[in-house]
Structure formats: C-alpha cells, structure tokens
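What follows is a single structure, written as structure tokens, with notes after it.
The values are calculated or read from the model by the stated rules, or taken from the named source; none is laboratory data. Just so we're clear, the structure is a prediction, and the values are computed from it rather than from any experiment. Neighbour counts are summed over all protein chains in view; Cβ atoms, including those assigned to glycine, are modelled from backbone coordinates with ideal geometry.
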Amino acid sequence: MPPKQHKEKKKKKKKSTPEDDLDEPYHRWLDETYYIARTHREHAAAVHMEFISTAIKACTTAIVPYNEMLLLTTGMPTCETEVVPMVSVPSIIRSLGFNPTTKQLMQIGWITALVKEPPAEFLSDVLSRTLWESENENKLKRCMLMTHIDFESCDLLTSRKKLENVGLQLLQTGSFVFDPSQVPRVFLPAVDLLRRVPVVVQRSDADTLDKVFETIWAAANTCERGTGGIRQMNIAALHKTLTTAMRSHRKTSETMEEPSLTKVEMESLLSFVCGEGGNVDEDTFALTAV
C-alpha cells in the first residue's frame, strides 16, 4: 500500500483582539466623548420641534389674515397644521436664531413650496407655461425679500412638514440640505443647473450683535450712557449713520446680494426702537436685532 500522505495542518488565524486594533482606543474615545444615546437624541429633537412650532405659531396662526387666506385658497390643504404662508418663512427661520441670505431663503422656498400643477392648456402652450413659471418665481422672490409679513401680496404656501424638517436640520447641524429633486416643477427652470449641496446658515449669535452695535456706536459718534451703565444711542445720530450707509450700499447694490432698507422701512425701524428722550438703549437694539 502506498504510504499515507500527511496532510499539512493549516494554521488557524489568530483572532484579533481589541488590543490588537490600533484604532480601537480612538474609536472608543469617540464613542465615549461624542456618542449621544437614542433617548437623548429623541429628547433633543422634541425640544427643537417645540421651538420650531412656537416660531411658526408666532409668525402665522396667531395672525388673523393668515386664517382668512387659507379659507380663500382653493386646491390646497386648509388645515393650519399642514401649510405655512411662504411670506412668513424668513421670519420663522430668523426666529430660530439664524441669519440666512436671500439666496439661502430662496433655496428653502424652492424645496418646501406647495404649488398647484399648471393648467392643462399650459402643457401645450410654451409661452403661457413660461409666463406662469416666471410669475411664481417672482412671487417667491417677493416673499423672501420682504422685511415684514404681508399675506395679501404673496399667496404662495409652503409645506409645514418640509419646513419643520429644514428647521430641525438647522438647529441640529447649523445647515440644511438643498436637493433640486425636491423642487416643484414650476421652479425647475430656476434650479436646472444647481446640485444637491449642504447649505451652512450663519447664526445670529450675541457676539455678532455686539460687533454690529459697536460699529454703529463708533460711527454715530455718541457716548451717552443711561442709568445702570446701559449705553444709549441718539436717534438722530443713528438716522444719519444708517442713511449714509444705505446710500453707500445702493452704489454697490449690483455686486451685493442683500437689498438695503427702503426709506419707509428705516423710518419704521427707528420708530420701533426709539425709547424715552429720543434714544435707543443697547439692550433694546439687541432685542430688536434678534
């Protein structure tokens, strides 16, 4: 009989232990330092959602014209929990503590808008469809450029659910995802060349407000201080400073994204912040800016 061939024993691979993984200490440190339990994440999301709901209610449902507009609007959801007037979106986002640019507000409007489908005859009439698309795009721009809420001049609506999702992203990460695939058909010509990108929005933090006040304070050349050491700015000096800044802003408006205040808007602002004796307190300035 032929001799039996000895089978070579395969060496078993040594199982790696956590100590053998050079990255394990780093991964463990990440988990211990940054890991947030699911229950904590859910609690944080609930707090954020309550904050968002309060902002929406303050800017919409507490205002009578909004409810009247819903009753007159046809072809849209009539439940106040399902829709939000587009014109109030800038105020809602700012109420959450952010300072979005007009471009960022337009991106939010595009991905959250509720727009009716075009009439059937527009599908075969290129000119009518183009005019309809242009009209809705101009409506959206008016909504985002307004410095006050006016429901009568802008009847566009936005999905409350989508707006809440954007607000939640902002509060959690300071950014939101702009996805052109979520944009209604009417706005597709405006976003045709845009890509899916995360958009970082500047926060309206206290440091920024302090710097703005310090800049205006220095430009206004006033040194008045009220009781308790609270600085006050003379309303006449503030008016002159803002007027000069607005004139300079208009000269470069073609290269600037944000529009300057109109004369009526500036007068309204000064009238609102003006305190006793024709002065503006520092704390009043900060509260108004927020």
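Assorted remarks:
- Among the numbered conditions (1) buried (at least 16 other Cβ atoms within 10 Å of the Cβ); (2) of a type in the set (Asp, Glu); (3) modelled with pLDDT under 80, the only one that Glu164 does not meet is (3).
- Filter result (among the basic types (Lys, Arg) and modelled with pLDDT of 80 or more) within region 30-75: Arg41, Lys57
- You will find that of Asp210, Asp179, Asp205, Asp192, the residue that is within 19 Å of the chain's Cα centre (by Cα) and modelled with pLDDT under 90 is Asp205 and no other.
- Where a residue in region 229-244 is modelled with pLDDT of 75 or more and its partner, wherever it lies, is among the hydroxyl-bearing types (Ser, Thr, Tyr), with Cβ under 7 Å and at least six apart: Met233/Thr222; Asn234/Thr222; Ala237/Thr222
- Considering only residues in region 159-206 that are in a helix (DSSP H, G or I) and charged (D, E, K, R), the one that is farthest from Leu127 (Cα to Cα) turns out to be Glu164.
- Matching option when the condition is among the aliphatic types (A, V, I, L, M) and modelled with pLDDT under 85, among Ala120, Ala113: Ala120
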